[in-house]
1. Kindly indicate which of K18, K50 is modelled with pLDDT of 95 or more, surrounded by 10 or more Cβ atoms within 10 Å (Cβ to Cβ) and outside any loop (DSSP other than H, G, I, E, B).
2. Do you know which residues across region 34-47 are in a loop (DSSP other than H, G, I, E, B) and either surrounded by 15 or more Cβ atoms within 10 Å (Cβ to Cβ) or among the charged types (D, E, K, R) (or both)?
3. Residues of region 34-46 being within 17 Å of K64 (Cβ to Cβ) and among the acidic types (D, E), which ones?
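The values are calculated or read from the model by the stated rules, or taken from the named source; none is laboratory data. Keep in mind that this is a model prediction, so the values were computed, not measured. Ideal geometry is used to build each Cβ from the backbone, glycine not excepted, and the neighbour counts take in all protein chains shown.
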Amino acid sequence: MLFLPNMLLEEFNIDIAKEVWQEEALEKGRRNEKYDSAKTMLTDGEPVEKIMRYTKLTREEIEKLRDAE
């Protein structure tokens, strides 16, 4: 006997899927904006603490951006 998770037994709803995909795209766009802002602030010589405060990125994320340049 084959056991499938309940999720696979439910009907796929394209409208719900589209909403999820749209929200994921918006979130990715917001994330990219944060990284772009952080890169600009790093280029302008702003301190990491200030970048963290304005972008809500972690110190590690900002340091990775700085090291990648």
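1. Working: K18 fails: modelled with pLDDT of 95 or more.
Matching residue, one of K18, K50: K50.
2. So in region 34-47, the residues in a loop (DSSP other than H, G, I, E, B) come out as 44-47.
Passing the criteria: D44, E46.
3. First, pick out the residues of region 34-46 that are within 17 Å of K64 (Cβ to Cβ): 34-43, 46.
Selection gives D36, E46.
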